[in-house]
Amino acid sequence: MTEAVQNPSAQAFTPLVDAHVHVFRRDMPLIPNPRHAPDYEFTAEQLDATLAAHGVRHAVVAAASPWGDCNDYIMQTLRARPHWRGTAILEPSTDRYVLEQMAHDGFVGVRLPFISMSTLPDLGSWDWRKFLYRLKDMGWHVHLHLDGPRLPQVLPALEASGVTVVLDHIGRPDPQGGTTSEGFRAMVRAVQNGRTWVKLSGAYRLGPQAADQARALCSEVGIERMVWASDCPFVGAESTSYQSTVDWLAGVVPDLAARQRIAGANAFELYFARR
């Protein structure tokens with residue numbers, strides 16, 4: 001994961017912010033029946049080395065669903081690295097006092113790993129309405145990981161709450177409908193409404209439609225609310241190289257200034273300027 005940059009064309013573009021990475025230790029407890037169950041660790045020190053090898057200084061550590069709301073290691077990592085930020089997985093009943101302490105430690109949002117759920121939660125319930133209100137009031141965002149076909153079931157309620165929304169992995173493209181699907185249209189509407197951002201990430205998981213959807217999205221709504229992320233260390237697809245995720249963005253967004261904004265100013269505004 002710490003290979004040196006070899007692609008000369010990619011050297012002209014160095015991301016400032018990697019908006020989605022993971023760190024975990026081998027001894028961390030897994031939830032029952034996790035989507036992935038890594039038998040290795042990827043520590044903060046390993047991530048440090050990977051980012052340094054590619055000239056990336058800032059990172060956003062995303063909580064990962066295999067460990068549920070065991071955010072302990074992310075918390076320790078952020079406390080030691082004030083130039084990083086993080087998102088946590090939390091129960092909607094989490095008290096504001098806890099959220100404020102987590103904000104002090106470097107957390108800026110809550111990840112919603114709804115993709116693992118066969119039945120989506122009722123965002124109109126008291127706990128969820130209260131939770132979303134608190135997140136909005138604190139300037140946090142919700143980081144939604146959900147398959148594209150179900151985005152229309154969730155986005156309206158999140159938008160109505162007023163909270164900032166960040167969609168994972170290009171909205172997880174609908175493999176059947178693609179850019180003609182209602183999920184894609186719902187994502188476009190949400191970005192146009194002004195409080196939704198999209199991560200151009202995870203293409204190595206999504207197939208060729210990922211690039212098509214990313215290009216179509218940027219064409220329809222512009223790049224102002226796009227951020228880039230590697231998803232390192234590529235759990236479940238560990239043969240993926242970090243550099244390939246940088247090169248993928250170059251293929252999707254050929255304009256250098258636009259790429260620099262996506263992986264620089266946009267991400268910095270979203271994750272660092274709002275704290």
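Here are some notes:
- Among residues of the range 193-206 that are over 14 Å from Val252 (Cα atoms), those with a beta-carbon under 6 Å from a residue that is among the polar types (S, T, N, Q) at least six positions away or on a different chain give the pairs Arg195/Thr164.
- Lone qualifier among Ala211, Ala203, Ala190 - being surrounded by fewer than 22 Cβ atoms within 10 Å (Cβ to Cβ) and in contact with a helix residue (DSSP H, G or I) (Cβ under 8 Å, 6 or more places away or on another chain): Ala211
- Residues in the range 130-178 that are out of contact with any strand residue (DSSP E or B) (no Cβ under 8 Å at 6 or more places or on another chain) and of a type in the set (Lys, Arg) were compared, and the one that is nearest to Trp197 (Cα to Cα) is Arg172.
- Scope the range 88-129; condition in contact with a strand residue (DSSP E or B) (Cβ under 7 Å, 6 or more places away or on another chain) and either at pLDDT below 95 or farther than 20 Å from Val21 by Cβ (or both); matching residues: Phe114
- Flag if Asp168 is of a type in the set (D, E, K, R), under 25 Å from Ala49 (Cα atoms) and surrounded by 20 or more Cβ atoms within 10 Å (Cβ to Cβ): yes
- Condition met for Ser244 (in a helix (DSSP H, G or I), over 21 Å from Ala53 (Cβ atoms), modelled with pLDDT of 95 or more and among the hydroxyl-bearing types (Ser, Thr, Tyr)): no
- Check on Glu182, farther than 23 Å from Phe42 by Cα, touching a Pro at 6+ places or on another chain (Cβ under 7 Å) and surrounded by fewer than 17 Cβ atoms within 10 Å (Cβ to Cβ): yes
- Strands (runs of 3 or more DSSP E) completely within the range 131-212 that count 1 or more residues being more than 15 Å from the chain's Cα centre (by Cα): none
- Of the residues in the range 39-48, at least one is modelled with pLDDT under 95 and either buried (at least 17 other Cβ atoms within 10 Å of the Cβ) or out of contact with any Phe, Trp or Tyr (no Cβ under 6 Å at 6 or more places or on another chain) (or both).
- Residues in the range 214-233 that are at positive phi and surrounded by 21 or more Cβ atoms within 10 Å (Cβ to Cβ): Asp231 only.
- Lone unmet requirement of (1) more than 24 Å from Glu159 (Cβ to Cβ); (2) in a loop (DSSP other than H, G, I, E, B); (3) of a type in the set (A, V, I, L, M); (4) without any contact (Cβ under 8 Å) to a residue 24 or more places away in the chain for Val235: (4)
- Filter result for His143 (buried (at least 23 other Cβ atoms within 10 Å of the Cβ) and out of contact with any helix residue (DSSP H, G or I) (no Cβ under 8 Å at 6 or more places or on another chain)): yes
- Filter result (hydrophobic (A, V, I, L, M, F, W, C), over 19 Å from the mean Cα position of the chain (by Cα) and more than 24 Å from Leu158 (Cα to Cα)) within the range 60-112: Ala80
The values are calculated or read from the model by the stated rules, or taken from the named source; none is laboratory data. Fair warning: this is a prediction, and the values are worked out from it, not measured in the lab. Cβ: placed from backbone, ideal geometry, glycine included. Neighbour counts: every protein chain shown.
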